[in-house]
Every structure is written in C-alpha cells, then in structure tokens.
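Let me begin by presenting the structure, written as structure tokens, before commenting on it.
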Amino acid sequence: MSTDIQNVIEMKDMYKIYPNGTVANSGVNFCAKRGEIHALVGENGAGKSTLMKVLFGLEEKTKGEIRILGKEVNFKSPKDAIQNGMGMVHQEFMLVPSYTVAENIALGNEKKKKLLCDRRSEKEQINQISKQFGLAVEPDEPVYRLSVGAKQRVEILRVLYNKARIIILDEPTAVLTPQETDELFRSLRLMAKDGYTIILITHKIKEVMDISDAVTVLRNGKTIKTLKTSETCPEEITRLMIGRQLKPKIGRTDRKAEELVFKVENFNVLDRRGVLKVKNMSFDIKAGEVFGIAGVEGNGQSELVDAIIGFLKPSSGKVFYKGKDITGASTSDFRKEAIGYIPDDRNLRGSSLNQSIAENFVICSHGSEKFHKGLFLKWKDIREESKHLIREYEIRADGEMAPVGSMSGGNIQKVIVARELSKKPDLLIACQPTRGVDIASIEYIHNKIIEQRNEGTAVLLISAELSEIMGLSDRIGMLYDGELVAIRKNDETVTENEIGKYILNGRQKQKEREGQE
Amino acid sequence: MFRFLFQQVLNLSIFTMVFKLVAPVLLAAIGGLFCGKVGVMNIGLEGAMLVSAFFSIVVNAMTGNWFFGILAGCAASVFICLMLAFFIFKYKAHHIVSGFAINTFASAITVFLLQVFFGSSGSYQPAGVQMIPVVNIPVLENIPVVSLLSGHSFIVWIAFLSVILCSIVFYKTPFGAHLMAVGENVQAARSVGINDLKIKYVAFIICGILCGIGGAFLSTGTTSMFVRDMTAGNGFIALAVISLGNSKPYGVLRGGLIFGFANAIAILIETYPGLTIPSQFIQAIPYIVTILMLSIHTIQNNRKMMGPVKKISGSVNG
C-alpha cells in the first residue's frame, strides 16, 4: 500500500434513491485518509447508514463515484467489498449464536486443510490479532454466552481476520458501558496507528470529540461539512447536524415533593427461568419527582418493570399506587389508572408497526368513551386527536394514517411518548426512553419528561445512559445485580464516576451502605 | 409371545429387519436435516421418496439394472425437492403448505402414471427387476455376533454412511459451517459474503438425492413392486426422527433406531401365530412409540430450557 495516495476512500456526489422514492443520499461527498479515525455524524435519517451500505456493497448506488485507493469501484455485494479490504461492524451483530467465537470469526473465510476446516491455525491467527489490538476473546466459547461488549470484539476481530484495512463501525458504542467504550476506543486507536482507516458512524458528539481525527456531518442526505476534529467544538458539530442550536433545556423547577404517589416495598421477582432478578427492592416516588434507576442493562430492570405492570408476578413484596395496593394487578387494570408506561423496546412492546399512527395512539384507550360509540370506533375523533398529537409532538410522518413502521426510530418513540403523556398521567414509568434515538428527539423527549414532572407527575426513569439519569432525576437509585445498592439525591456533587462505581461493582459498596444505616 | 421375541433378538435376525426398516427413514431424515439446517422444515420428504420409488422401479425394469433405477429415482426426487425449493425461495411460499402440495402432487402423479402406462390403479409389479444387491461379507458371516454386519442391503450401508458423512460435512467442513450459519442467522452469513441462496438449493439437492436412494430402496430393495402411497408415512416419521435427534446427525441415528426397533417388534408380534390382538393395534405400535418418545423428548428439552441456570455472579455476601 503506497502512502502517496492520500485518500483511501473517496466518494463523490453520491445519490441513493430507493425504488419507493425515498431519497436517502442526494449529493454526498466523503473522503477518508489512511490511518485516520473518521467520524460520520448526522441525525437518524440523515443518510449515514445508507452511505456506508452503498460503500460496503449492501445497497446499489443510484449515481456517484466511489474510489478505493484511487481506483474506481462498484461493489455488487459485501463479498466484493471484503475482497477489496473493507470490513463492517454492523449495529445488529451478524453472529451465529451457537457457533464458537473462532467459528464466527472465520465464517465465510475458513482456513482449509484438504477438504476440512483447519480450526487450529484459525485460532492461532485469532489469538495473534486479539493480542495485537487488545481485543480479548475466548476462541472456544459459544457466542450466545458472551456479553454485548465481547460480541462486538468478535465482530471487530472478524473484520481484522478477513484482512480489512478499512473498517466501518455502525454506532458501536450504543450498546456498551462507559468502561467498555474506553476499551473499544483504545483498540481503535491502536488500529489507526497501524495504518487502518476507521469510519465511525455515530450521533454522540462526545465520542466524536474523544476519538476522531476528522468528522463529516451529514444532514438530509447531503454532506454539510468535513472538519478536522481539533479545529471544531461540540456546539459547532451539533449546529451543523441539526441545522439549528439546541433549545435551552427546560429546568427542573423547585417544588416541594410531598404527596406519595408510588411505592415499592421489599420487592422480590423471579424471572421466567426461576432466577431471582430483583432482590428486596424498596423505593418510593412523590408527586413531581423523578426517581432514576441507573444500572447496566440486565441487572433486573426489565423484571422490575414487568412485575410492576403485571407481566410477571413478584414472589414477594408490595406495590402501592396512591396508597392503593396494586400488587399483582393485571396489565389491563394497570392501564386503566392514570399511569403512563414507555417500554424499553419500542418495536416489540411500544407500538404495533404495521398499524397506523392513529391506531397506535388509541391502542390503550379503545375503551374510553372518547373514542368509541357502541360497538364502533369514532374514527373522525381519533383522526382529529391524532393530527393534534402529531403537531404537538413534532412527529415527522406522512399523515396520521401512515404505518408506524415506516418512520424512523426517533419518530416512533415520539408516538409512544405522545400516547403515554397525552393521558396526563400521575405516574410515568419510562424505560430507556431515548435509546437509539437522534439528538433532536432526545432533547424533545427529555424536555417533555421534565415538563410532566414540573406539572406534578411522579416519574420512574430507568436508563442505562448515565447522562440521562443525571440530567433528569431528582433522586438516583443505583442498581446492581437486582439490588438498589444506594439511593442518592441528585445534586452537584454526584459524578458519573461515582455512579459508575456503584453500578459496576455494587458488592464492595454493600458494606459501606450497611455501615451508614 | 415374549419368549418368541426374545429369541428373535438373541439370534440377531431382528437386526436385519430393523436395519431394513431404518434405512429409508434414516436417509430421508438426514436429507431433511440438511433442509432443516438451512431453516426449512421439509414436509415434502414423503413425496420425494414416493416419486423415487416409482421411477426407480420403472427404469430398473426397463434397463434391468438396479443402479440405473436408483439414478432415475434420485433424479425424480431431486426434481421434486428443487421444485419445492423454488416455491419456497423464489416465490416465498410457506414451506409447510408447499410441502403438503408437493406430497399431494407426488401421490397423484404416481397413481396417474401407473394408470396411464401400466393400466393399474393400485400396484405395479414388473418382471425383470434387478433387486439392489445384498452385501455378504465372506469371513464375517460365519462368526457369531459379528455376522450381524453381513447380509444387509447395499442401501443399509449407504444409510449409515450418510449419517457419518453428514456429521463430517456439518462440523468439519467450511460448507457445513456456511450451511448451518445460513439456517441460524442468514444476515450474518450474507454479511460475510456467503451466497445463502446457493447453499439453500444445494441443501435441497442433497436432500433430494438421499430421499431418492431411500425411495428406490422401498420399491427395489425390500420388495420388487410399487404400491400407491407406498412410502406410508416414512417421510413424516423421518421428520419426527429429526426432532427426536435434536437436529444432530447421530441423534437422528439414535431416533431412527428406536423407531426401527418398535416397527420390527410390531411386525414380529403380528406374525406370531395364534394372536388375538387386532392387527391394527399392533401396527400402531411404532407410531405410538414415536409419539411417546417425541413427548418425552419435548418435556425434557423444556425442562432443560426452563430450569435454573448456573449463576454467573457470586453471592451478595461473598
């Protein structure tokens, strides 16, 4: 590889128009140099993923010119791209769960000894790459047993194993803890130093500033600007990304939280396999208060919520809503109360993707007088109300009858938030309310939650995103292995590091807590 | 009666019977396993075997050569399997529905051809059929117990060999790794440049060949006649056997043998003189055994899935 070619990748005037007429890219220019970590940023729907899919041969370009090392290419399939030294780490992991780490890494590019696979020399090579870039894996472990971070390492190793020199990572940190993110970045820096070109798709500005050498901003399918990271600032990138300044955050108004709205007492929950996932948990939330539960995913969050909303039965303990014991109430009883629930998986639980926005709006309130008369739905009223909500919540959609599944993640999430908040809830349970959502939507949803709180709603916020917990909560519960290891008032003295310590190794903190009590 | 059965087991004659009954089921099951590993439950095994049974005996009778018979049967069976694959992968038809359509088609076309060419609506028993040979191993056949290995049809050996080969292909070759990856996570396979469609079609062709051999064995290996719908549920038993074997080659072998034994015992009981039990009951034995085994297997599997998992993190007080 000669060094006189400056741009490893050059994409000029790229257009991608899907058969259904959706314009994903309309005039994108993108260049990346050898040994560079190049961030590709933009909001959801800005066209970053499409651009990279075209580059990787997963989609065919409509128009434009792609050059790799100065040579014009037109990849018809990922196979072509891989052969030309490209690799992609997808957002959804492309792994075979029952295969071992080594089998997954070698998949499609197995080493052969006569007709059979030569697993031993595969493993040798994997160990060597893994050591070189600090990507620790256990080659014989089946992939389904791995943590999310380890799965990602397997993906990266596969790309390196396939001799890629240009590596595309699609939102790699969306699923990682802060510590895992640090490790990933350390490995990426090693690769860049070694001459690899790394393209990082992201919408987290902090990461762009932390790791990239250059940044290209996309908006509405066009390149807005390519900048050197050292010559820019987070504010500028944000402004370029969303085309305006962020609105000032709505502040939490000081209010005396008095009336107890929600209380959980000595809660124990077994998951469906019979493992104790929530251990003796107790907390309460007053009106006009946000109680945030911080924790790495899989520490009992979903079991706690499922037991509250009636998907699981708690093995012991009680739940009170406005002084009333609602332990073990069915989901439909629960839904009749003025309680809003934003589920963590918007596609599975939050919405019905094939149904229209209007249908999704009324999905929990078919029974109310407002929307039905006798046996029939009052479609006119439903559509009126939906139009109103779409306007109020700034949802970008082709009218209220468009299927929810046709919208971007951020807009789907807004539909759910609009539905739950339009109930004027006294209690709001929000689980990962902004996961995988673009900045503008995050800003909007956060402001809506604060607005509700200021109006006197009790909010239970469950999130793995520490900045979200710290930005919204009045009090923070640190969750580790099904236990609230500490509950702390959210004031200026709380740091991300402190919470991180609790939620990563709560056990060591256990003794301190007992000492305090 | 039990003494009679015991005697049969002792003098090993039951094994000859078991192997004969197992071979077609095993072949179809291994074929079905290939389809299963690319993510399709192939309901059409039955139909593929049936057309092979028909065409192999017809060509066999015409040429007087058993090998040509098998080739013709395999060709017909591969054709049926490819047709099914075409419906499923090209036209995105539901695999269960199209599988049943294939079976109905196979049943009807064989009866139709039987009627048109041989003027019979039930069975066809041509002269000049060369039976698939039996392999007698010279020295072994005279040694007790080991003589078990001698005197089986060529196809019986092929059937057992197919299990071993299947296991090697699945777990030791790149093709097998690609094949199972396609079935488990097709996106993953595509992302590393594996042509999933090609692999799916190859799996169906292999399935067609194996079903073809199994079908030919039914009409020219154990008998020398074709009877309408003579596969008699062998294809469906094969599906049950795949499930019994946890979709693993040697598991399939075990499941096949269980079914074979049940079937052999049923036949022996039936032929026992002076029996008062209605024969329909006895004929149902292998199927009842299969259902029972499947139920037990499912319950065990569920227990394994739902049972308490090993805890990874240590105790809280530790």
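The values are calculated or read from the model by the stated rules, or taken from the named source; none is laboratory data. Please read all numbers here as calculations on a predicted model, not as lab measurements. Cβ sites come from the backbone with ideal geometry, for glycine too, and all protein chains shown count toward neighbours.
Would you mention how many residues in the range A:255-308 are in contact with a Lys or Arg (Cβ under 6 Å, 6 or more places away or on another chain), of a type in the set (D, E, K, R) and assigned to a strand (DSSP E or B)?
2
Restricting the range A:197-227 to residues that are of a type in the set (Asp, Glu) and over 14 Å from residue A:238 (Cβ atoms), which is modelled with the highest pLDDT?
A:213
Take the range A:144-160 and flag every residue that is polar (S, T, N, Q) and within 23 Å of residue A:192 (Cα to Cα).
A:152
Could you check how many residues of the range B:164-198 are surrounded by 21 or more Cβ atoms within 10 Å (Cβ to Cβ) and either in contact (Cβ under 8 Å) with a residue 60 or more places away in the chain or not in a helix (DSSP H, G or I) (or both)?
8
Just give me the residues in the range A:75-111 being assigned to a helix (DSSP H, G or I) and either facing another protein chain (nearest Cβ under 7 Å) or not polar (S, T, N, Q) (or both), in sequence order.
A:78, A:79, A:80, A:81, A:82, A:101, A:102, A:103, A:105, A:106
State all residues of the range A:211-235 that are surrounded by 15 or more Cβ atoms within 10 Å (Cβ to Cβ) and under 26 Å from residue A:466 (Cβ atoms); if no residue qualifies, say none.
Within the range A:211-235, A:211, A:212, A:215, A:217, A:229, A:232 qualify.
For the range A:364-378: of the residues being under 36 Å from the mean Cα position of the chain (by Cα) and surrounded by 14 or more Cβ atoms within 10 Å (Cβ to Cβ), which is modelled with the highest pLDDT?
That would be A:377.
Go through the range B:143-163 and give me each residue that's free of Cβ contacts under 8 Å to residues at least 12 places away in the same chain and assigned to a helix (DSSP H, G or I).
B:146, B:161
Among the residues in the range B:258-269, are any within 14 Å of chain A (Cβ to nearest Cβ) and modelled with pLDDT of 85 or more?
Within the range B:258-269, none of the residues are within 14 Å of chain A (Cβ to nearest Cβ) and modelled with pLDDT of 85 or more.
Please determine, by comparing only the residues of the range B:237-259 that are in a helix (DSSP H, G or I) and hydroxyl-bearing (Ser, Thr, Tyr), which one is nearest to residue B:171 (Cα to Cα).
For the range B:237-259, the residue satisfying everything is B:250.
For the range A:149-157, does any single residue satisfy the condition of being assigned to a loop (DSSP other than H, G, I, E, B), in the same structural domain as residue A:48 (by TED's automatic domain parsing) and over 15 Å from residue A:99 (Cα atoms)?
The answer is no, given that none of the residues of the range A:149-157 is assigned to a loop (DSSP other than H, G, I, E, B), in the same structural domain as residue A:48 (by TED's automatic domain parsing) and over 15 Å from residue A:99 (Cα atoms).
Taking the range A:309-360 as the region of interest, how many residues are assigned to a strand (DSSP E or B), in the same structural domain as residue A:285 (by TED's automatic domain parsing) and polar (S, T, N, Q)?
Selection size over the range A:309-360: 1.
Say we look at the range A:480-499 and pick out the residues that are in contact with a Ser or Thr (Cβ under 8 Å, 6 or more places away or on another chain) and away from chain B (no Cβ under 14 Å); which of these is modelled with the highest pLDDT?
Filtering first and then ranking leaves A:490.
Restricting attention to the range A:294-333, which residues are among the charged types (D, E, K, R), farther than 18 Å from residue A:428 by Cβ and modelled with pLDDT under 85?
Result: A:297, single match.
Being touching a strand residue (DSSP E or B) at 6+ places or on another chain (Cβ under 7 Å), surrounded by 14 or more Cβ atoms within 10 Å (Cβ to Cβ) and of a type in the set (Ser, Thr, Tyr), is that true of even one residue in the range B:62-73?
Among the residues of the range B:62-73, not one is touching a strand residue (DSSP E or B) at 6+ places or on another chain (Cβ under 7 Å), surrounded by 14 or more Cβ atoms within 10 Å (Cβ to Cβ) and of a type in the set (Ser, Thr, Tyr), which makes the answer no.
So which of B:143, B:137, B:158, B:164 ends up being more than 9 Å from chain A (Cβ to nearest Cβ) and over 29 Å from residue B:218 (Cα atoms)?
B:143
Scan the range B:121-135 and give yes if some residue there is at pLDDT 85 or above and touching a Leu at 6+ places or on another chain (Cβ under 6 Å), otherwise no.
yes
Being within 14 Å of another protein chain (Cβ to nearest Cβ), hydrophobic (A, V, I, L, M, F, W, C) and in contact (Cβ under 8 Å) with a residue 12 or more places away in the chain narrows it down to one residue among A:69, A:51, A:58; which is it?
Testing whether each residue is within 14 Å of another protein chain (Cβ to nearest Cβ), hydrophobic (A, V, I, L, M, F, W, C) and in contact (Cβ under 8 Å) with a residue 12 or more places away in the chain leaves just A:58.
In the list A:157, A:190, which residue meets the criterion of being surrounded by fewer than 20 Cβ atoms within 10 Å (Cβ to Cβ) and among the hydrophobic types (A, V, I, L, M, F, W, C)?
A:190 is the lone residue from the list that is surrounded by fewer than 20 Cβ atoms within 10 Å (Cβ to Cβ) and among the hydrophobic types (A, V, I, L, M, F, W, C).
Read through the list (1) without any contact (Cβ under 8 Å) to a residue 40 or more places away in the chain; (2) of a type in the set (A, V, I, L, M); (3) more than 22 Å from residue B:175 (Cα to Cα); (4) within 14 Å of another protein chain (Cβ to nearest Cβ), then give the number of the only condition that residue A:116 fails.
Unmet for residue A:116, out of (1) without any contact (Cβ under 8 Å) to a residue 40 or more places away in the chain; (2) of a type in the set (A, V, I, L, M); (3) more than 22 Å from residue B:175 (Cα to Cα); (4) within 14 Å of another protein chain (Cβ to nearest Cβ): (3).
Can residue A:225 be described as out of contact with any Phe, Trp or Tyr (no Cβ under 7 Å at 6 or more places or on another chain), over 25 Å from residue A:97 (Cα atoms) and free of Cβ contacts under 8 Å to residues at least 60 places away in the same chain?
So residue A:225 fits the description; yes.
Kindly indicate the residue of the range A:264-312 that is closer than 19 Å to residue A:481 by Cα, of a type in the set (D, E, K, R) and touching a helix residue (DSSP H, G or I) at 6+ places or on another chain (Cβ under 9 Å) and also nearest to the other protein chains (Cβ to nearest Cβ) among those meeting that condition.
Per the stated criteria, the residue is A:273.
Return yes or no: is residue A:182 assigned by TED's automatic domain parsing to the domain that holds residue A:101, in a loop (DSSP other than H, G, I, E, B) and surrounded by fewer than 21 Cβ atoms within 10 Å (Cβ to Cβ)?
Considered against the rule, which asks whether it is assigned by TED's automatic domain parsing to the domain that holds residue A:101, in a loop (DSSP other than H, G, I, E, B) and surrounded by fewer than 21 Cβ atoms within 10 Å (Cβ to Cβ), residue A:182 comes out as no.
If you check B:61, B:53, which single one turns out to be at pLDDT below 95 and either among the β-branched types (Val, Ile, Thr) or in contact with a Gly (Cβ under 6 Å, 6 or more places away or on another chain) (or both)?
The unique qualifying residue is B:61.
Give me the residue from the range A:119-147 that is of a type in the set (Gly, Ala, Ser) and not in a loop (DSSP other than H, G, I, E, B) and, out of that set, farthest from the other protein chains (Cβ to nearest Cβ).
A:130
Do we have any residue at all in the range A:1-18 that's over 25 Å from residue A:240 (Cα atoms), free of Cβ contacts under 8 Å to residues at least 40 places away in the same chain and among the acidic types (Asp, Glu)?
yes
Would you mention how many residues in the range A:384-402 are outside any loop (DSSP other than H, G, I, E, B), surrounded by 17 or more Cβ atoms within 10 Å (Cβ to Cβ) and not β-branched (Val, Ile, Thr)?
Of the residues in the range A:384-402, 3 are outside any loop (DSSP other than H, G, I, E, B), surrounded by 17 or more Cβ atoms within 10 Å (Cβ to Cβ) and not β-branched (Val, Ile, Thr).
Is at least one residue of the range A:192-212 part of a helix (DSSP H, G or I), among the aromatic types (Phe, Trp, Tyr) and out of contact with any His (no Cβ under 9 Å at 6 or more places or on another chain)?
Scanning the range A:192-212, I find no residue that is part of a helix (DSSP H, G or I), among the aromatic types (Phe, Trp, Tyr) and out of contact with any His (no Cβ under 9 Å at 6 or more places or on another chain), so the answer is no.
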